[in-house]
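Quick notes on the structure that follows.
The values are calculated or read from the model by the stated rules, or taken from the named source; none is laboratory data. Values in this document were obtained by computation on a predicted structure and should not be read as measured data. Ideal geometry is used to build each Cβ from the backbone, glycine not excepted, and the neighbour counts take in all protein chains shown.
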Amino acid sequence: QPMASVEVRVIPYTANETLMVARDVTRLQQLEQMRRDFVANVSHELRTPLTVLRGYLEMIGDDPRLDAGPWGKPHKMMTDQVGRMYSLVEQLLALSRLEARGETETPRDVDVPALMHKLESDSQALNSDKQHSIRFDIDNLHMQGDSEQMTSAFANLVANAIHYTPAGGNIEVSWKKLPDGRARFSVTDTGDGIAPEHILRITERFYRVDKARSRNTGGSGLGLSIVKHVLSRHRSRLEIRSTLGKGSTFWFDIPKDLVSGHQSVING
Ligand code: ADP
């Protein structure tokens, strides 16, 4: 039985009076918890049948007669769609793990430059038919945190820049120390841009600006909500600046006490 939760709001009323409004949000929090559990359970249950389907599709794909026959194309489509469903389920599971409270893992050293080099080569693969120029500018800074979570935050932002920029664009990725000791990760693209009314909502689950187009790019609308949760676990938040038709910058700052310099090389 959870403790009762009360949300209190203090509102200026007159020059020397304030109003205090209290609301019982116990029931709301219970419902929110039920929603989270439901999503986590459904995703978990969907994973097993999808794994079986994927296994059989792979087996069928090993048949050398497949490509020449009438089932080559349907097989490829099924493989693609099962793959999409699988990654959707994986993203939902990642999201429910991030939302679950109370499991604060101990932060570890995250070798950001190493993650960036991996990301740089992965990006070239994603970029193959888009012909963007992608530039990485990386300071030798590590941070404290969860390496897997940070990888998904970095990768999501870079993948979005590639997806939502028309062929031949410019993408700049940087990880830099700020004068005040924080570290900033930023991705700038010369892409579609986002209208102000959408910016406020794009970190919501399943929110996509252009649903039809995003479906073509294979998007689920979960990427940025994963990024948002990962960042809040690292005491940071996503900032967005964007001009419709010109491009966008997505960035976030990691607090100074989570950033470590390059002493490891000297000490080692
Ligand atoms: P998706 O899987 O659809 O990419 P995200 O949560 O990553 O989901 O992004 C939500 C929506 O925000 C996208 O569908 C897209 O409309 C918009 N968006 C995200 N990144 C960019 C970008 N760099 N440029 C323009 N639009 C973007």
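Consider segment 99-148 and keep the residues that are among the hydroxyl-bearing types (Ser, Thr, Tyr) and touching a strand residue (DSSP E or B) at 6+ places or on another chain (Cβ under 6 Å). The one that is nearest to GLY247 (Cα to Cα) is SER133. A Cβ distance below 7 Å, combined with a sequence gap of six or more or placement on separate chains, defines the contacts here; from segment 128-140, residues that are under 17 Å from GLY261 (Cβ atoms) reach residues that are at pLDDT below 90 in the pairs ASN140/HIS262.
For ASP180, the conditions (1) within 12 Å of the ligand (Cβ to nearest atom); (2) in a loop (DSSP other than H, G, I, E, B); (3) of a type outside the set (Ser, Thr, Tyr) are fulfilled apart from (1). Give the residue that is modelled with the lowest pLDDT, with candidates limited to residues of segment 213-229 that are farther than 10 Å from ASN156 by Cβ and assigned to a loop (DSSP other than H, G, I, E, B). Per the stated criteria, the residue is THR217. Kindly indicate whether any position in segment 98-108 is touching a His at 6+ places or on another chain (Cβ under 6 Å), assigned to a helix (DSSP H, G or I) and at pLDDT below 95. Yes, segment 98-108 contains at least one residue that is touching a His at 6+ places or on another chain (Cβ under 6 Å), assigned to a helix (DSSP H, G or I) and at pLDDT below 95. Of everything in segment 60-97 that is of a type in the set (Lys, Arg) and not in a loop (DSSP other than H, G, I, E, B), the residue that is farthest from GLU32 (Cα to Cα) is LYS73.
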